[in-house]
Amino acid sequence: MSENTTGKHWFVMRDLRRRSAKVLAIHELADAGFEVFTPMAEMLLNVNGRKIRRLLPVIQDLLFVHSVKEDLDRFVEVKPNLQYRYSHGRSVNEPTIVRHDEMERFIKAVSSSDAPRYYMPGEITPSMYGRRVRIVGGPLDNYEGCLLSVRGMRTRRLIVEISGLVSASVEVNPDFIEFV
């Protein structure tokens with residue numbers, strides 16, 4: 001079904017809990033049956049003097065929930081540590097929504113890579129955007145974007161981003177790159 005007929009959107013949410021919390025909002029949302037995504041990475045935590053490896057969100061308070069707003073509103077009302085993210089500069093307080101195709105593209109790209117690298121907004125400077133390319137073949141077939149241009153980097157990495165929220169670079173086989 002299409003997004004318009006179901007009324008589902010990708011809402012951008014904030015989890016106000018600390019990283020060391022036993023249960024994060026992403027787990028609560030998934031247990032409640034919501035489709036939820038956040039870029040995750042394995043990190044070392046110091047808990048009670050012991051170092052523990054744990055899978056944690058790369059950006060602590062950022063998560064995306066695919067749902068109907070009314071269902072999500074009911075869940076947010078009972079969870080004080082979960083909030084909508086709002087766009088700055090709008091006259092009406094509307095929660096930030098990511099286009100369905102943009103979100104699916106991002107999820108597919110970071111899922112296809114063994115080691116995606118994530119960047120906060122503003123971390124990728126204009127000078128880091130390399131040549132514009134199209135990927136022909138492989139898991140990222142028909143993706144268009146820019147290569148990451150970092151001095152001394154030997155691998156080819158494609159920049160995939162959700163504008164204003166998060167960017168990632170994923171490794172691309174040079175055989176699949178076609179310059180546009």
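The values are calculated or read from the model by the stated rules, or taken from the named source; none is laboratory data. Fair warning: this is a prediction, and the values are worked out from it, not measured in the lab. No Cβ is skipped: glycine too gets one built from the backbone with ideal geometry, and neighbour counts run over all protein chains shown.
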Residues (closer than 28 Å to residue 117 by Cβ and free of Cβ contacts under 8 Å to residues at least 40 places away in the same chain) located in the stretch 51-85: 51, 52, 53, 54, 55, 56
Hits in the stretch 46-67 - residues which are within 19 Å of the chain's Cα centre (by Cα) and among the aliphatic types (A, V, I, L, M): 55, 56, 58, 59, 62, 63, 65
With closer than 21 Å to residue 30 by Cβ and among the aromatic types (Phe, Trp, Tyr) as the only criterion, which of 84, 143, 119 stands out? 84
Given (1) surrounded by 12 or more Cβ atoms within 10 Å (Cβ to Cβ); (2) farther than 24 Å from residue 57 by Cβ; (3) of a type in the set (S, T, N, Q); (4) out of contact with any Ser or Thr (no Cβ under 9 Å at 6 or more places or on another chain), where does residue 149 come up short, assuming only one miss? (4)
Within the stretch 62-168, considering only strands (runs of 3 or more DSSP E) that don't extend past its boundaries, which have at least 1 residues that are hydroxyl-bearing (Ser, Thr, Tyr), over 30 Å from residue 17 (Cβ atoms) and not assigned by TED's automatic domain parsing to the domain that holds residue 24? 129-135
